[in-house]
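Read through the structure below, which is laid out as structure tokens, and then see the notes.
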Amino acid sequence: MIRLILLLSFLGLSSVYAAPTVEARNLSEKTFTRDNAFCHFKNKTIEIQIRGDGRSIERKEAGYGQYIFHIDQEDYSLLPINSERLGRYKFFQGKKSLCSKPMAVKLDLNTVAVLFQKENDPFKDKLIIQLYDFNSATAKEVIESQYLTSEVELLANGFIFKSVAEKIDREVGKVTIAGHEYIYQDQDMNPWLSYTLKGFEIMPSLTYHKSQWKSFFKDESDFFMFTGWNNTSKQFNNPYVYTAINHQLKKECLLFYPTPQRKLDGTEFWRCKDK
């Protein structure tokens, strides 16, 4: 009797353990492929499939799906991404990667970051990171960042990317600077950040060197002063950017401010140069 109970218990545990594979496989058969990729880890190769409901989709929706499957030979499971099915995701595609399509970066000897994008219409997609164990090719935790980006570059033990703002409408107006009328418009600062196993970190020097307004500054220190870089809090204290142009004078002015402004009067600390 004891042996029978133990056997039944073992069979029960086995069926519970197998249930995720069975359920995931059944779900995969009821959904439609949006995209797939193969990732090569130390000891094995796995497939990642993005699937969605419905056979037909619009062109702008290509590649997006609610279900992200991890397939290891005959074993099916759903990645931790979007466990509540509240969004749609696609691969963050890149070159020189451990995966055939999505950018995948080794963070150390044991950890790989596979990058995804979360649909964020009408703005740019959000950056999502699925961590993997490099040795066993098993999924670990997922980092659902709020950073918007479409530009990523490799870094030793991580990657760097340009963050953009959720903004469509621009504030436009007129402002008098040094007795002359300019047309101004608000802009995005677009800081560059890094991601490693330490987490996200703003990279002030890279933000300066990749800034479209670099020519306004004498050097990096001048940029840090004007943008209010705080080396203790690791933040820019003047993150709101405005440009003003006078086409007759062929001059362009730049302003970094700590708060958004509805009305500029020209008494602010503008910096101007010839276009």
Worksheet item: Of the residues in region 174-213, how many are farther than 20 Å from E151 by Cβ, touching a residue at least 60 places away in the same chain (Cβ under 8 Å) and in a loop (DSSP other than H, G, I, E, B)?
Response: 2
Discussion item. Out of everything in region 193-240 that is in contact with a helix residue (DSSP H, G or I) (Cβ under 6 Å, 6 or more places away or on another chain) and buried (at least 17 other Cβ atoms within 10 Å of the Cβ), what residue ends up being farthest from A104 (Cα to Cα)?
Written reply: F217
Fill in: Residue count for region 45-64, restricted to those that are within 20 Å of the chain's Cα centre (by Cα) and either among the basic types (K, R) or within 20 Å of P122 (Cβ to Cβ) (or both)
5
Worksheet entry | Among the candidates L148, L155, residue that is of a type in the set (A, V, I, L, M, F, W, C), over 30 Å from G266 (Cα atoms) and surrounded by fewer than 17 Cβ atoms within 10 Å (Cβ to Cβ) | L155
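Just to be sure before I move on: is N157 under 24 Å from the mean Cα position of the chain (by Cα) and outside the structural domain of K106 (by TED's automatic domain parsing) in the structure I sent?
no
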Worksheet entry | Only listed residue being more than 30 Å from G266 (Cβ to Cβ) and surrounded by fewer than 18 Cβ atoms within 10 Å (Cβ to Cβ), chosen from D125, D133 | D133
Discussion item. Anything in region 67-95 that is within 18 Å of the chain's Cα centre (by Cα) and surrounded by fewer than 17 Cβ atoms within 10 Å (Cβ to Cβ)? List them, or say none.
Written reply: P80, L86, G87, K95
Worksheet item: Do any strands (runs of 3 or more DSSP E) entirely within region 214-275 hold 1 or more residues that are modelled with pLDDT of 95 or more and aromatic (F, W, Y), and if so, which?
Response: 240-246, 251-257
Discussion item. Just checking, does region 223-242 include any residue being closer than 14 Å to V175 by Cα and assigned by TED's automatic domain parsing to the domain that holds E201?
Written reply: yes
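The values are calculated or read from the model by the stated rules, or taken from the named source; none is laboratory data. Note that the structure is a prediction, hence the values are computed from the model and not measured. Glycine gets a Cβ as well: all are built from the backbone with ideal geometry, and neighbour counts include every protein chain shown.
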